[in-house]
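Novice: There's a structure below that I have some questions on.
The values are calculated or read from the model by the stated rules, or taken from the named source; none is laboratory data. All values derive from a computational prediction rather than experimental measurement. Heads up, the Cβs are rebuilt from the backbone with ideal geometry, glycines too, and the neighbour counts pull from every protein chain shown. With ligands, DNA and RNA removed, areas are computed over all heavy atoms of the protein, side chains included. Shrake-Rupley method; radii C 1.70, N 1.55, O 1.52, S 1.80 Å.
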Amino acid sequence: SHKSAKHACENWHYTESMPAGGRINVGVWEDERFVGVVIFGMGSGNATNGIRYGLKRSHEMAELCRVALRKHNAPVSRIVKIAVQLLRKKCPKIRMLISMADPVQGHHGGIYQAGNWIFTGETAKDYEYQLPDGRFVHHRTATMKLKSVAGRNKRPLPGKYRYLMPLDAEMRERIEPLRKPYPKRDKQAMAAPTAQRRGSADRHAPNKTEADTKEAA
């Protein structure tokens, strides 16, 4: 449900927010316990991204835009694989997925590499803005939290790592030539305290009680 997905994103994902636009939420349970959500972004924005890969319709491409999990047992790569399988059953016309890994958060895309996603390089550089509480967040998150970012302190961000997952043989043949060597984990970034990274929330540690989580689920 939207309520459960929102709870997971706000408590267990570093952005502390739900993605905008159309979505398909895949809930994750272990031993009948709600542990998070995998969210796929759907809508017209994917048509713009899909054109470069020869896709003409927005429903042919989706973005894996959130993996928001509390403490769990299964490998994240397995959780994502099952979520993709469920998405394909619900939306059989989707031909490709795209997702990003944020190096600012110490992410290099290990869950995508484990699933044999195709790494195609980095996105363009971006910016983040400072909130009243002193934290810096991505400009999209800042615009959702603030009425305006005018006059706010901002700083540049490196591009994110782009991963693609073709969902049929023809798409795999089309985008396989775009594959580049996988980026490696940035040990220095991973060693930094979480509070020093953008969006200090620990995505594996719930900020609310177990009772709150059960109610949200």
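Novice: For residues that are at pLDDT 90 or above, among the hydrophobic types (A, V, I, L, M, F, W, C) and open to solvent by 20 Å² or more (accessible area, probe 1.4 Å), tally how many sit in the range 1-22.
Specialist: 1
Novice: Being under 21 Å from ALA68 (Cβ atoms) and either open to solvent by 60 Å² or more (accessible area, probe 1.4 Å) or assigned to a loop (DSSP other than H, G, I, E, B) (or both) is the filter here; which residues of the range 107-122 pass it?
Specialist: Hits for the range 107-122 are HIS107, HIS108, GLY109, ALA114, GLY115, TRP117.
Novice: Does ARG185 fit the bill of being open to solvent by 80 Å² or more (accessible area, probe 1.4 Å), charged (D, E, K, R), in contact with a helix residue (DSSP H, G or I) (Cβ under 8 Å, 6 or more places away or on another chain) and modelled with pLDDT under 90?
Specialist: For ARG185, the condition - open to solvent by 80 Å² or more (accessible area, probe 1.4 Å), charged (D, E, K, R), in contact with a helix residue (DSSP H, G or I) (Cβ under 8 Å, 6 or more places away or on another chain) and modelled with pLDDT under 90 - is met.
Novice: For the range 58-75, what are the residues that are of a type in the set (D, E, K, R) and either within 13 Å of ILE24 (Cα to Cα) or surrounded by fewer than 17 Cβ atoms within 10 Å (Cβ to Cβ) (or both)?
Specialist: Result: GLU63, ARG66, LYS71.
Novice: Would the range 70-90 turn up any residue that is touching a strand residue (DSSP E or B) at 6+ places or on another chain (Cβ under 8 Å), more than 20 Å from ASN11 (Cα to Cα), not in a strand (DSSP E or B) and not aliphatic (A, V, I, L, M)?
Specialist: Yes, the conditions are met somewhere in the range 70-90.
Novice: Could you list all residues from the range 123-149 that are within 16 Å of the chain's Cα centre (by Cα) and buried (at least 20 other Cβ atoms within 10 Å of the Cβ)?
Specialist: Once the filter is applied, which keeps residues that are within 16 Å of the chain's Cα centre (by Cα) and buried (at least 20 other Cβ atoms within 10 Å of the Cβ), the range 123-149 yields VAL137, HIS138, THR141.
Novice: Looking at the range 128-139 only, could you name the residues that are closer than 23 Å to LEU64 by Cβ and either assigned to a strand (DSSP E or B) or out of contact with any Asp or Glu (no Cβ under 9 Å at 6 or more places or on another chain) (or both)?
Specialist: Residues satisfying the conditions are GLU128, VAL137, HIS138.
Novice: Identify, please: which residue in the range 23-56 is closer than 26 Å to HIS13 by Cα and part of a loop (DSSP other than H, G, I, E, B) and is, among those, modelled with the lowest pLDDT?
Specialist: Here the residue is SER44.
Novice: Looking at the range 83-98, can you tell me whether even one residue there is surrounded by fewer than 19 Cβ atoms within 10 Å (Cβ to Cβ) and touching an Asp or Glu at 6+ places or on another chain (Cβ under 7 Å)?
Specialist: yes
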